[in-house]
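Take a look at the structure below.
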């Protein structure tokens, strides 16, 4: 089960997925989804190491497909935290 976190918690110590999505203006039934995997070591005052992996950028998919992709990616990477960020 994935823990939903606030967007500001993505870069805190540990690993997390940031899922940004918005309606596709060309195809209203689809979302444009960007998925990034974050890995940070340290606290906000002193980051020792930080990695960012772009998994997908503005890929069109249904809401269901987005959730399936996020859960599969989290499982594959051993991630338990996710921030769902809806762009206006």
Span from the the stretch 38-53 Cα centroid across to the the stretch 1-22 one, whole angstrom: 13
Helix-derived mean residue ellipticity, 222 nm - over the chain, DSSP H n ≥ 4, -39500 (n - 2.57), to 500: -5500 deg cm²/dmol
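Tell me the relative contact order for the chain as a rounded percent, counting alpha carbon contacts under 8 Å between residues six or more apart. Let's see the in-between values first.
Details: 179 pairs, mean separation 35.9, N = 88.
The value is 41 percent.
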Entry for mean projected area of the Cα convex hull in nm² (calculated from the structure that is shown) out of (i) 5.7; (ii) 6.1; (iii) 6.9: (i)
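What does the extension gain come out to for residue 54 and residue 26, with contour length at 0.36 nm per residue minus their alpha carbon separation? Numbers along the way, then the final one.
Working: separation 28, 0.36 × 28 = 10.08 nm, distance 2.35 nm.
Between residue 54 and residue 26, full extension yields an extra 7.7 nm.
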Beta bridges per DSSP with both ends in the stretch 3-86, % antiparallel, nearest 5: 75
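Taken together, the values in this text are just the output of simple stated rules run on the coordinates, not laboratory data. Keep in mind it's a predicted model, so treat the numbers as computed, not measured.
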